[in-house]
Amino acid sequence: MSDVKNQTTTEAQILESRSEVFDLMYETIESDSETLAQVKDLMRNVRVEVKDIQPMKETMEKTRIELGSLKRQLKTLEEKLLFNIVCPACGKLLRADFKLCPYCGENITLQEKMIAVTDYKK
């Protein structure tokens, strides 16, 4: 009878330890579920932010392209302002303050443009 009592006590201890293991597993599953829910929330937030970033990225790219175009236009205008006369000998564009053409050595004289009074109308 002592053997039966020992066996019953051993079985009770095994059942108790299994119960503890199951309790720990359940707690772990609950904890993992909470963590998974938090990860899902973070993923949703990231998706929303990525959707917000994409239009901004497209706008920045358009702005970069427009800025490049404006820079080219500005350079063209600057060249027209700085290099506004043509050498009568070689035809190269020159700055208005040049007295000699740096390309062919021609002496540059500025010619003033006159508007005839007859062409002027009010």
ask   = In this structure, does Lys122 turn out to be modelled with pLDDT under 90 and surrounded by fewer than 10 Cβ atoms within 10 Å (Cβ to Cβ)?
value = yes
key: Failed condition for Thr76, given (1) over 30 Å from Asp97 (Cα atoms); (2) hydroxyl-bearing (Ser, Thr, Tyr); (3) modelled with pLDDT of 85 or more   = (1)
query = Pick from the stretch 68-96 the residues that are in contact with a Cys (Cβ under 9 Å, 6 or more places away or on another chain) and part of a strand (DSSP E or B): which of them is farthest from Asn107 (Cα to Cα)?
reply = Leu93
message = I'd like to check something: does the stretch 47-59 contain any residue that is hydroxyl-bearing (Ser, Thr, Tyr) and either over 29 Å from the mean Cα position of the chain (by Cα) or on the phi > 0 side of the Ramachandran plot (or both)?
response = no
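The values are calculated or read from the model by the stated rules, or taken from the named source; none is laboratory data. Since this is a predicted model, take the numbers as computed values, not measurements. All Cβ positions, glycine included, derive from the backbone under ideal geometry; neighbour counts span all protein chains shown.
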